1. How large is ³J(HN,Hα) for each residue in region 279-293, as worked out from phi by the Karplus curve 6.51 cos²θ - 1.76 cosθ + 1.60 (θ = phi - 60°), to whole Hz, x for Gly and Pro?
2. Using amide H atoms built in the peptide plane, which far-off residues or other-chain residues are under 5 Å from residue 316 H to H?
3. Which trypsin sites (Lys or Arg not before Pro) from region 345-445 combine a DSSP loop assignment with at most 13 other Cβ atoms within 10 Å?
4. Search the structure for amide H atoms under 5 Å from the amide H of residue 565, placed 1.01 Å from N in the peptide plane, and list their residues when 5 or more places away or on another chain.
5. Please find the FRET efficiency linking residue 519 to residue 207, where r is the Cβ-Cβ separation and R0 is fixed at 35 Å, and quote it to the nearest 0.05.
6. Can you give the three extents of the C-alpha atoms in region 176-399 along their principal axes, from longest to shortest, in whole Å?
7. Quick one: how many Å² of residue 354 are accessible to a 1.4 Å probe, rounded to 10?
8. Could you please report the charge total around residue 256, scoring K, R as +1 and D, E as -1 over all other residues with beta-carbon less than 11 angstrom from its beta-carbon?
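The values are calculated or read from the model by the stated rules, or taken from the named source; none is laboratory data. Fair warning: this is a prediction, and the values are worked out from it, not measured in the lab. Backbone-built Cβ (ideal geometry, glycine too); neighbour counts: all protein chains shown. The protein model used for the area step is the full one, side chains on, heavy atoms only, and it has no ligands, DNA or RNA in it. Shrake-Rupley method; radii C 1.70, N 1.55, O 1.52, S 1.80 Å.
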Amino acid sequence: MKRKVIPAGWLVLLFCTGFLTAADVSISTILPRLEVRPDSVSIELAAPVSGETYYLYYRTKGAQSYQVRLMRPDSKGMPGYRIPLDNLYGRELEYFVLSSKGKRAGVLSPVFALADLNTGSTPRVYFQQSGVSPSPEEKKRDPLLRMTASASTNTRLYDESEPPAESFTANGNVRLYRNIVKDKYQLDFDSNFSYMSQVSDVESHVNLSSMVVRYNRGDLKLEAGDLSINHTDFSTSYLSRRGISAQLENKWFYAGTFLTNSQQKTGFDGFGIPPSNAMLYGAVLGLHQANLFKVRGLFLSGKDNLDSKTVYFTEDIIREGYLMSLSGELNLLKSRMQLLAEYAHSNFGKAATTAELDKQSGDAYTAGARLNAGVLSVNAEYKKIDNNYNSIANLFLQNDREGWNSMVGLNIKTFSVSIGYNDQKTYVNSPIQPMLRTKNLNGNLSWLIANHIRVGAEYGVDNLDYDQSTGLQAGGTDMDTLRYAATLGFVAGANGITLRVGKTESKTFTSNLDASLSLNLSLGRFLTFNPTLSYQNSDNLTDGSTSRMYNLYLNSELTFIPQVFSLSVSGSYSKNDNDVSDSENISATANLNFYMARFFKQKIQPTLVFTGRFQQSSYGEMTNDNLAFFMQLNVSF
């Protein structure tokens, strides 16, 4: 049934689009991507503007000034910077990113914070303001708990969709924390509470997101609350559970133990001593020498009954087992080469009831090497996991597989090339599924010529091979796939244009041709304009049918008054032509943003956003469309 679009909706969107062609600005809100490693913190931009230069500003909480570093692009063109933790004092990092134009126009990104940095043996102290010591009166003003908070509300003004969106929603977050730093010890408390007006049946409107208490004294570290336990991939790979842990570490020796709930509890559940049928216990001993070697031995035992809000199973809910793991790392050639290995043995069982529990033993091992020697980088890893190997602390571990991954890369200034080869087997010992062997060969090339011309190429070969002599069930169909593509771009400052053409051919199945043209324009100081046009042609070699897809995407931002008033517009159009029927989809969104932090001297940061949204979908002779308006208020302090 065809519906008539309300003229007022079109007028609003045309009004917004008209502004885009009449002004020039660009202050964007790019969100940096963060990766925390044992010895460093890496910050990079996943979607930078072509040709733009970015600077990272960072400091530990309490410092008076920021450190400034140029974010250099990696082999994929993503600007980034790695902050070593060896000389970083403090446990909370503040950072933001400025572009070369942002240095003249203002902050490119908001100020972000990273808490609970593990700075190793570096003293965990905060920078203090130079000058005289604070008076007793000033010390008394130090609050028992410090607080940061944010809140967001969304109000429906008008909505034609069926069913319409909620008339009003609200959510908020409150962080309460305290850091006590003394000459001989440090005590930290950190908690986060949340409020959501719309929740599921198993959650509360007000909830505890996380809470942890940490105590450090010399080589000793104690933690209680929400923990993140990460030892090896075969044992506890980034295990997030509630419990207690103790660690003792010096220059040569490491000892640690933890006792946690085996279930991922949420809200106010899971604190205290866990029940005997839902408990994990682990102990770790190790030796290490900085920049030379590290050896760790781990024992883990536990039970689980899968009584959790976040995980739902209908069978085999009783789980019990233990594992032992020995892992090592050796650094050679002044840490340019790393040799890594791990062996693990498990005894594990799962069943619907305790009486049916039958434990089986399994093994897992891996070995690998990494080489980073100037312009050359090489990675290789072999891994095998028996079908009976399981970790009580890793519910989603994929077993019954083996294979190896390898990669060779060359980076010479603005030229980079990499070649990778993977060979993996799954269902190796499965009595039901036939063994599947997957082989992949891929290569990538990127070259920035004369700081303006960017050339790229991609090539890949994939092979799927089912061994029909194994397993009871019939497997899928063997498949060979060939992928190749070329990219050509031109960049000049913040402006750029990129053309990509590629093809994917799967023998006897499909043949896909795709092409895209993207444009990055920065007109003056106040406008960014980023459209992308793409085309895809798919031929089904089995029945001879053909389908064609056309897509247009647009993102733009207009700033009327920097850091006060801006307009952001996004939209998409897609059309699909095939031998059966045709379809079209249109989506457009416009946001009027009012930033009011400067009126409150940055003590609070309120933002008022008015949003207009139009959507239309057509399938054959049927057309549906709807228009909606919302008001959103965000406040943080």
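1. Ordered by residue, 3J(HN,Hα) equals 9, 10, 10, x, 9, 9, 10, x, 10, 7, 9, 3, 6, 10, 8 Hz.
2. For residue 316, whose amide H was placed from the backbone, the distant partners under 5 Å are 352.
3. Numbers: sites: 350, 359, 370, 383, 384, 401, 413, 425, 437, 439; in loops: 359, 413.
Passing sites in region 345-445 are 413.
4. Result for residue 565 returns 560, 595.
5. Values: r = 44 Å, r/R0 = 1.27.
Calculated value: 0.20.
6. Computed over region 176-399, the largest-to-smallest principal extents equal 56, 53, 32 Å.
7. Roll a 1.4 Å probe over it and residue 354 shows about 100 Å².
8. Numbers: positive: 221, 296; negative: 223, 249.
Here the count lands on 0.
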